[in-house]
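To start, the structure itself, in structure tokens.
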């Protein structure tokens with residue numbers, strides 16, 4: 001083993017210092033997006049959104065989804081050329097205007113503009129943390145690496161939603177989001193000082209693969225990767241649609257759940273607890289769901305996750321008690337934890353190392369464009385029907401169909417440990 005390979009050995013334990021830094025980094029990325037989850041939708045009337053104007057309300061997630069989806073792919077391709085750390089720096093710099101725009105916003109259009117910057121921040125910063133942690137981990141640890149990343153990020157989403165609910169009650173929504181946001185973004189920038197770029201690990205992995213097989217594949221053009229992952233390969237295509245469907249469901253929670261609960265006379269703190277439970281269960285459970293898929297395969301957790309997600313949405317639409325909504329939030333969070341990291345891990349299993357960033361960027365493009373699709377679809381359904389409940393039932397049905405698509409169209413990218421040809 002040459003000096004380069006020794007210096008850039010893959011594995012979570014051997015790279016624990018850098019892996020831990022990336023985990024802390026994604027926690028702050030999650031806080032940035034989570035700070036909007038409770039306060040803004042529930043208090044949208046203070047920014048001039050008329051009651052029942054669901055499509056206009058959802059426009060702030062539409063702007064976020066369009067930008068984040070498109071830039072996810074740009075981030076993946078760009079990071080393969082200039083490195084992960086530089087792209088992450090761009091993401092944090094793009095985050096600086098977000099709390100300022102919210103604080104000074106005279107109307108909802110400023111919130112929509114703030115979420116353009118939020119889309120850039122999340123596309124560049126979160127995409128780079130998960131890509132970097134996959135780079136550092138061994139091939140048999142990808143599910144665990146993604147699970148840890150998403151656990152830290154979505155635990156932070158839940159805590160931020162809950163925390164900003166308390167802060168808004170004490171200091172007002174604008175001041176709470178201003179100082180919370182600026183503190184989080186400053187911390188993210190400071191953390192970059194100690195981080196190393198993981199592109200060197202990618203090149204070491206490629207060199208080891210070449211040494212073992214004597215063959216290598218050229219890096220395809222980004223357009224070729226996009227078309228392959230999006231349309232031409234049936235497995236990639238099915239995984240991408242699964243990403244879209246789960247983000248439509250998350251849009252429902254982000255945009256319409258606070259409005260739904262507010263109309264049922266729940267205060268910001270109670271709404272924060274319900275939506276925070278969903279995100280925190282989603283986050284914490286990924287500490288074991290990604291590792292579970294490393295051992296039993298990706299497909300069973302993914303399909304089970306879609307089933308639980310649909311069940312939780314249906315229960316939320318059916319019951320009328322806070323306890324019932326909290327139970328449903330836990331079920332939804334568990335479903336997301338089973339499917340979310342393992343969709344990414346399945347993509348990472350299939351993509352060659354030299355263009356893994358482009359493949360994951362394409363998947364994340366479609367997945368996070370699901371926010372935009374969800375904002376348009378759910379906003380239109382709620383506007384047309386005059387309420388949130390039909391949008392909830394429609395989302396549950398969509399999630400069921402998405403899970404069935406994966407069950408029928410996707411093979412196993414990570415067979416059980418001990419199966420032929422696999423290293424446990």
### Message
Looking only at the range 37-76, how many residues end up being surrounded by fewer than 18 Cβ atoms within 10 Å (Cβ to Cβ) and under 19 Å from residue 161 (Cα atoms)?
### Response
3
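For (1) modelled with pLDDT of 95 or more; (2) crowded, with 19+ Cβ neighbours inside 10 Å; (3) within 29 Å of residue 335 (Cβ to Cβ), each residue gets a yes or a no:
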residue: 164; (1), (2), (3): no, yes, yes
residue: 183; (1), (2), (3): yes, no, no
residue: 225; (1), (2), (3): no, yes, no
residue: 237; (1), (2), (3): yes, no, yes
residue: 244; (1), (2), (3): yes, yes, yes
residue: 249; (1), (2), (3): yes, yes, yes
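Scan the range 210-223 residue by residue and report those that are assigned to a helix (DSSP H, G or I) and either surrounded by 16 or more Cβ atoms within 10 Å (Cβ to Cβ) or at pLDDT below 75 (or both).
In the first step, residues of the range 210-223 are kept if they are assigned to a helix (DSSP H, G or I); the result is 210-213, 222-223.
Across the range 210-223, the qualifying residues are 210, 211, 212, 213, 222.
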### Task
Go through (1) crowded, with 19+ Cβ neighbours inside 10 Å; (2) under 27 Å from residue 301 (Cβ atoms) and name the single condition residue 94 misses.
(2)
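Are any of the residues in the range 144-162 in contact (Cβ under 8 Å) with a residue 40 or more places away in the chain and over 19 Å from residue 282 (Cβ atoms)?
Taking the range 144-162 first, the residues in contact (Cβ under 8 Å) with a residue 40 or more places away in the chain are 144-162.
Restricting the remaining residues to those that are over 19 Å from residue 282 (Cβ atoms) gives none.
Scanning the range 144-162, I find no residue that is in contact (Cβ under 8 Å) with a residue 40 or more places away in the chain and over 19 Å from residue 282 (Cβ atoms), so the answer is no.
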### Query
Does any residue of the range 276-291 turn out to be touching a residue at least 40 places away in the same chain (Cβ under 8 Å), farther than 20 Å from residue 161 by Cα and either touching a strand residue (DSSP E or B) at 6+ places or on another chain (Cβ under 6 Å) or crowded, with 23+ Cβ neighbours inside 10 Å (or both)?
yes
### Query
Right, residue 305: at pLDDT 95 or above, buried (at least 24 other Cβ atoms within 10 Å of the Cβ) and assigned to a helix (DSSP H, G or I) or not?
yes
### Wholly within the range 49-147, helices (runs of 4 or more DSSP H) carrying at least 2 residues that are more than 20 Å from the chain's Cα centre (by Cα) and farther than 30 Å from residue 223 by Cβ
54-82, 97-104, 108-136
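Checking the structure you have, find out if any residue of the range 315-327 is farther than 14 Å from residue 297 by Cα and buried (at least 22 other Cβ atoms within 10 Å of the Cβ). Before you say what the answer is, go through the steps one by one.
Applying the first criterion (farther than 14 Å from residue 297 by Cα) to the range 315-327 yields 315-327.
Okay, now just the ones that are also buried (at least 22 other Cβ atoms within 10 Å of the Cβ), so 316, 325.
Yes, the range 315-327 contains at least one residue that is farther than 14 Å from residue 297 by Cα and buried (at least 22 other Cβ atoms within 10 Å of the Cβ).
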### Query
Within the range 362-380, is even one residue more than 20 Å from the chain's Cα centre (by Cα) and modelled with pLDDT of 95 or more?
yes
### Task
Scan the range 36-87 residue by residue and report those that are under 22 Å from residue 265 (Cα atoms) and free of Cβ contacts under 8 Å to residues at least 60 places away in the same chain.
45, 49, 50, 51
#### Entry: Failed item, numbered, when residue 12 is tested on (1) over 26 Å from residue 193 (Cβ atoms); (2) surrounded by fewer than 20 Cβ atoms within 10 Å (Cβ to Cβ); (3) in contact with a helix residue (DSSP H, G or I) (Cβ under 6 Å, 6 or more places away or on another chain)
(1)
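Of everything in the range 28-43, what is assigned to a helix (DSSP H, G or I) and within 17 Å of residue 98 (Cβ to Cβ)? Give them in sequence order.
So in the range 28-43, the residues assigned to a helix (DSSP H, G or I) come out as 28-34, 39-42.
28, 29, 30, 31, 32, 33, 34, 39, 40, 41, listed by residue number.
Table: residues versus (1) modelled with pLDDT of 90 or more; (2) under 23 Å from residue 79 (Cα atoms).
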residue	(1), (2)
91	yes, yes
101	yes, no
104	yes, no
108	yes, no
112	yes, no
123	yes, yes
133	yes, yes
137	no, yes
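Specify which of the listed residues (287, 256) is at pLDDT 95 or above and assigned to a helix (DSSP H, G or I). Spell out the reasoning first.
Numbers: 287 fails: at pLDDT 95 or above.
Result: 256 is the single residue among 287, 256 that is at pLDDT 95 or above and assigned to a helix (DSSP H, G or I).
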### Query
Just a yes or no: is a residue in the range 197-209 modelled with pLDDT under 95, closer than 30 Å to residue 35 by Cα and either loosely packed, with under 15 Cβ neighbours inside 10 Å or under 23 Å from the mean Cα position of the chain (by Cα) (or both)?
yes
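The values are calculated or read from the model by the stated rules, or taken from the named source; none is laboratory data. Because the structure is predicted, anything quoted here is derived from the model rather than measured. In this analysis, Cβ positions are derived from the backbone assuming ideal geometry, glycine residues included, and neighbour counts consider all displayed protein chains.
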